[in-house]
Amino acid sequence: MQSGVATTERVVQALFDAIESRDLRRIAAMLSVDCTWQNVPHEPTNGRDAVVAMFASIVCPSDRVRWSIISAAHGDGVAWIERTDSFLIDDDEHNVRCNGVFLVDTNTELVTGVRDYVDLAEWRDRIDEILRRGVERSAVDVVQRHLAAVARQDPLGMAADYAIDAVLIRGEDRRTGWASIADYFDTIPIRMSGRALVFDNVITTEPGCVEVSWTMSSNSQSAEMIASGTDDYVVTAGRIVRQTVTLATPDF
């Protein structure tokens, strides 16, 4: 049986691994329901859902995240971690120095609280502008980024541009929330295996709304269409908040 100190170290490392994965489901799995995260001197963010939403604003736009530990001290249920947080966004890497106090429930093996002392000058210089540009992305740019992830069959990339409370409607299937939508996208590579998907038109129908028509054939050499449809996206503040799939054929 591991000691409290060893458990604390393992849980904090598992949290860092989850953050580096950029998968909000994994991050949520490492946090207690009532956890708090304070980026000092700002007010704390309270509750697991709110903390995950906070992380979504930075890990979802990132193509890679690395939290590199510089020094660390672990106790029974508490850890002090000095680190450099690196975010690769649009081919540029942005590094921010942090020093965090992490509280761990060694029985549930969940993080219950964090007080993070961030170099705010670095954060504002390196990250704030990037996040602002993300919010201001056009609806077409947001959807095109999503479609590129679909084309390369990258499930996490497919989910990255959806809002935390987004809705995806596909026939009778209705998905609400980022995690449920990500679960759906996990099934896409198997369903698309060996098939060819073509996006025929990407057009803006009204401000914040994009329509995409698509066809799927049995393989890249075949002209035999096995499925087709139209996707309607609603984009707000640089995130997809609603997608409605209208199928012209049975689903694939």
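Here is a yes/no grid of residues against (1) assigned to a helix (DSSP H, G or I); (2) surrounded by 20 or more Cβ atoms within 10 Å (Cβ to Cβ); (3) modelled with pLDDT under 95:
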position	(1), (2), (3)
Val5	yes, no, no
Asp17	yes, no, no
Glu20	yes, no, no
Ile27	yes, yes, no
Ser32	no, no, no
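Could you please let me know if Val114 is more than 26 Å from Ala149 (Cα to Cα), in contact (Cβ under 8 Å) with a residue 40 or more places away in the chain and surrounded by 19 or more Cβ atoms within 10 Å (Cβ to Cβ)?
When the stated conditions are applied, Val114 passes them.
Tally the residues that are over 20 Å from Arg175 (Cα atoms) and within 24 Å of the chain's Cα centre (by Cα), restricting the search to the stretch 202-237.
Residues meeting the conditions: 3.
Count, please, the residues in the stretch 71-102 that happen to be over 20 Å from Asp119 (Cα atoms) and within 24 Å of the chain's Cα centre (by Cα).
Within the stretch 71-102, residues that are over 20 Å from Asp119 (Cα atoms) and within 24 Å of the chain's Cα centre (by Cα) number 2.
A quick yes/no check of all residues on (1) outside the structural domain of Phe199 (by TED's automatic domain parsing); (2) touching a residue at least 24 places away in the same chain (Cβ under 8 Å):
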{"position": "Ala56", "(1), (2)": "yes, yes"}
{"position": "Arg64", "(1), (2)": "yes, yes"}
{"position": "Ile69", "(1), (2)": "yes, yes"}
{"position": "Asp105", "(1), (2)": "yes, yes"}
{"position": "Asp128", "(1), (2)": "yes, no"}
{"position": "Ala159", "(1), (2)": "no, yes"}
{"position": "Tyr162", "(1), (2)": "no, yes"}
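Under 6 Å between Cβ atoms, at least 6 apart or on separate chains: pull out the pairs that start in the stretch 21-50 with a residue that is in the same structural domain as Thr8 (by TED's automatic domain parsing) and more than 24 Å from Arg97 (Cβ to Cβ) and end on any residue that is among the polar types (S, T, N, Q) and surrounded by 14 or more Cβ atoms within 10 Å (Cβ to Cβ).
Ser32/Thr112; Asn46/Thr36
Name the strands (runs of 3 or more DSSP E) wholly within the stretch 142-252 that hold at least 1 residues that are crowded, with 19+ Cβ neighbours inside 10 Å and in contact with a Gly (Cβ under 9 Å, 6 or more places away or on another chain)?
162-170, 209-217, 225-236, 239-247
Of the conditions (1) surrounded by fewer than 18 Cβ atoms within 10 Å (Cβ to Cβ); (2) within 16 Å of Asp105 (Cα to Cα); (3) over 15 Å from the mean Cα position of the chain (by Cα), Trp37 clears all except one; give me its number.
(1)
Can you pull out every residue in the stretch 40-56 that is of a type in the set (Asp, Glu) and surrounded by 15 or more Cβ atoms within 10 Å (Cβ to Cβ)? Show your work before the answer.
As a first pass, look at the stretch 40-56 and keep what is of a type in the set (Asp, Glu): 43, 49.
Across the stretch 40-56, the qualifying residue is only Asp49.
For the stretch 57-91, what are the residues that are outside any strand (DSSP E or B), surrounded by 18 or more Cβ atoms within 10 Å (Cβ to Cβ) and touching a helix residue (DSSP H, G or I) at 6+ places or on another chain (Cβ under 6 Å)? Give the steps one after another, and end with the answer.
Initially, the stretch 57-91 is screened for residues outside any strand (DSSP E or B), giving 57-63, 75-77, 90-91.
Subset that is surrounded by 18 or more Cβ atoms within 10 Å (Cβ to Cβ): 58-62.
Pro61, the sole residue that qualifies.
Asn107 passes all but one of (1) assigned to a strand (DSSP E or B); (2) within 20 Å of Ala18 (Cβ to Cβ); which number fails?
(1)
Among (1) among the basic types (Lys, Arg); (2) closer than 29 Å to Val59 by Cα; (3) at pLDDT below 90, there is one condition Arg239 misses while meeting the rest; what is its number?
All conditions are met except number (3).
The values are calculated or read from the model by the stated rules, or taken from the named source; none is laboratory data. The model shown is predicted, which means the values in this text are computed figures rather than measured ones. As a convention, Cβ positions derive from the backbone with ideal geometry for all residues, glycine included, and neighbour counts pool all protein chains shown.
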